[in-house]
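Remarks on the structure that follows.
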Amino acid sequence: MASVSLLKSGILYFKLLYENIAPRMLRLLAWPILCAMLFVLTSCSNFDKEFTVYSANTTIEVYTDGSAFVSEHFDILVKKAENYGGVYVDIPQRFTDGSGGVHWRDFELAAARLDGIDEYYSKENNVPGYSVYIGREHCKSCSADLPTGVTKIQIAYWLGRLVRQEGDREVLFLPAYMGRVHGEGAKKTLTLKLPPGGTVRPSQQDRAAAYDITRSAPNEIFVSIPAGKADRNLPDIEIEYPAGTFVTVTSGDRVRWWLSDHFLPFIGILGPLIAGLFVLTSLGQGWRLPAPLIAVDIKMTKSISPALAAYLFRNWKTDAAKAAFMASVCQLAVKRMLRISGLDEDAGASNLFTKQERKAGRSKWYGLPAATRLVFGHIEGQPPVGDRRRVVLVRHTLRDELRKAVAEEYRKSRGKDRWSFMAIFSILVLGVVLAWFSGLLLLSTAICGILLLSLIAVMAFLHPERLSVQTDFGQAFSFFVTFPALAIVALCYIGTTEVISEQRPYLVAILLHIVGIAIVLGMLRRPTPKQRQMRSNMLILNRYFLGEIEGPAMSVDCYEHYLPFAVALGVEQRWTERFNLWRESEKMDAYAPDWRISS
């Protein structure tokens, strides 16, 4: 099918203008403007306004190995002086035989000429086969416009696998795609040069309404397609031969043909299949609950921060921020990084661990969780009143930053989730390959762009606090102007792009790939068995603090180790009462830790 290179010319036009605009602000302004110009170029131009196909003549010479050499000639009238300088010629490779089987033919381009001279060309994929562009790729008003008048376009190529076996007969299968050449007033002819011994199938002879078939020579058939109907789907030509006329097909060829026949359907199914298997596997892991804890996991309490324990115990609610902060302050105290006057909001901190002490005891300092070190850094930055710093003044400014540090610690506890990223990468690659070979790459990109921009808009509406106000004019302009402009361009491209019937199943498969990636990304938010085990341990630890279950033997070290976690869980008073009862039973002297500031 001959058609004008609208989209590719528009892209090149945009590229040339964009590269020549040097100032940063002009580039910023040029992006949405040129995107709109691209849409105008690709939607308002029409092949019929610039070109008219007078005639199309094709010669197909079939060889005894089942391949053919095809030479096509188009007489095209260029009506406008300013034009896109080239046309598309579609080469179908995918066809359906009389029994409904779908097959793929080999294709190799031999030559592309304009008025008898070799011309620049490029190839693009689509579902039926290739679209070969003949002519210079450029924008309007460029010097490479085709001159007005009649222009002759010639393309030559090899086709393979035109023969199939049916019982004791061999059938030469010639799709009559010439009837789909643009131009209602154009007459099309095909000259078929065939091996001897073939007969046109009886079911193929009654085609007077579609085209005329005559034998111009013993081994030559002339097909005449009348003018008057554009983009017609004409019946194919099938010619029977006795068995053994063509070269015997090897088993290797049969395997290669089978793979080529089922390549696109296979990758169309494989992506959603990978997503489905990943979901089933993840749900299977979710159904397998972690082993119930009957005792406190001491090792686990040493590997997480008290701040994370506070968020886990309260299921990530906002009221966990205060407990997470005070638990971190308590941990700093029991680790002798500072001294505190109490475990409430009005507590004061003094005798902070100095930088020299941190350098000397690097293992002790970096043995603390990142969230705890973050709290220490903010307390250290608070101006002291006398020799003390009020920790309550730090908590209000540290809430969001502390939550991010805790969330990062929780994310790292997942470990390396290689399977998730491998699944996402595999589905993405399969989707891109499917979009490329089906000729839907730009359309798929536009759909993904719309979905991504919609997601950003929804997140901005639901969580405006997560969007930081940008003071840079360029960033603000990109967010409030460029994004809507891109959305408009993508919507216009989607609305003006025609998806042929053969592409629709693959478009559905591409959408399923997108859905699969979204589902896999959503599954990353589900807690892993290890993360669920961590929360379960916090619930067990709470029962231990309340004295409902047995746990580690009480001692001063045990009390101080678990005190930050008791603060995180809001049961520090009960934990201290249990410690005092133990101390009295052991007839110990009064407990006066050096990390407390005496009143």
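The values are calculated or read from the model by the stated rules, or taken from the named source; none is laboratory data. These numbers were taken from a predicted model, which means no experiment stands behind them. Every residue, glycine as well, gets a Cβ built from its backbone with ideal geometry; the counts of neighbours run over all protein chains shown.
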Worksheet entry | Verdict on residue 598 being loosely packed, with under 14 Cβ neighbours inside 10 Å and modelled with pLDDT under 85 | yes
Fill in: Top-ranked residue of segment 362-391 - restricted to ones that are out of contact with any Asp or Glu (no Cβ under 9 Å at 6 or more places or on another chain) and within 23 Å of residue 320 (Cβ to Cβ), ranked as surrounded by the fewest Cβ atoms within 10 Å (Cβ to Cβ)
377
Worksheet item: Could we say that residue 498 is among the charged types (D, E, K, R) and either in contact with a Phe, Trp or Tyr (Cβ under 8 Å, 6 or more places away or on another chain) or surrounded by 16 or more Cβ atoms within 10 Å (Cβ to Cβ) (or both) here?
Response: no
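Condition first: polar (S, T, N, Q), surrounded by 14 or more Cβ atoms within 10 Å (Cβ to Cβ) and within 48 Å of the chain's Cα centre (by Cα). Can you find one or more residues in segment 333-354 that meet it? Working first, answer last.
Filtering segment 333-354 down to residues polar (S, T, N, Q) leaves 341, 350-351, 354.
From what's left, surrounded by 14 or more Cβ atoms within 10 Å (Cβ to Cβ): 341, 350-351.
Okay, now just the ones that are also within 48 Å of the chain's Cα centre (by Cα), so none.
Looking for residues that are polar (S, T, N, Q), surrounded by 14 or more Cβ atoms within 10 Å (Cβ to Cβ) and within 48 Å of the chain's Cα centre (by Cα), one finds none in segment 333-354, hence no.
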Discussion item. With the requirement that a residue be modelled with pLDDT of 75 or more, within 21 Å of residue 59 (Cβ to Cβ) and touching an Asp or Glu at 6+ places or on another chain (Cβ under 7 Å), what does segment 224-244 give you?
Written reply: 224, 241
Response to the item:
Residue pairs qualifying under the 8 Å Cβ cut-off, at least six apart or on distinct chains, with the first in segment 392-416 being surrounded by 12 or more Cβ atoms within 10 Å (Cβ to Cβ) and the second being of a type in the set (Lys, Arg) and assigned to a helix (DSSP H, G or I), are 395/322; 413/530; 414/530
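Name the helices (runs of 4 or more DSSP H) wholly within segment 431-509 that hold at least 1 residues that are within 20 Å of residue 521 (Cβ to Cβ), touching a Gly at 6+ places or on another chain (Cβ under 8 Å) and modelled with pLDDT of 80 or more?
On the way: elements: 441-462, 473-477, 483-496.
Answer list for segment 431-509: 441-462.
For (1) touching a Ser or Thr at 6+ places or on another chain (Cβ under 7 Å); (2) closer than 24 Å to residue 322 by Cα; (3) surrounded by fewer than 15 Cβ atoms within 10 Å (Cβ to Cβ), each residue gets a yes or a no:
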position: 508; (1), (2), (3): no, no, yes
position: 516; (1), (2), (3): no, no, no
position: 528; (1), (2), (3): no, no, no
position: 538; (1), (2), (3): no, yes, no
position: 568; (1), (2), (3): no, yes, no
position: 576; (1), (2), (3): no, yes, no
position: 583; (1), (2), (3): no, no, no
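Can you find a residue that is in contact with a Lys or Arg (Cβ under 8 Å, 6 or more places away or on another chain), in contact (Cβ under 8 Å) with a residue 24 or more places away in the chain and farther than 23 Å from residue 276 by Cβ anywhere in segment 519-542? Spell out how you get there, then give the answer.
At the first step, the residues of segment 519-542 found to be in contact with a Lys or Arg (Cβ under 8 Å, 6 or more places away or on another chain) are 527-531.
Checking the rest, the ones that are also in contact (Cβ under 8 Å) with a residue 24 or more places away in the chain come to 528-531.
Then drop every residue that is not farther than 23 Å from residue 276 by Cβ, which leaves 530-531.
Within segment 519-542, one or more residues are in contact with a Lys or Arg (Cβ under 8 Å, 6 or more places away or on another chain), in contact (Cβ under 8 Å) with a residue 24 or more places away in the chain and farther than 23 Å from residue 276 by Cβ.
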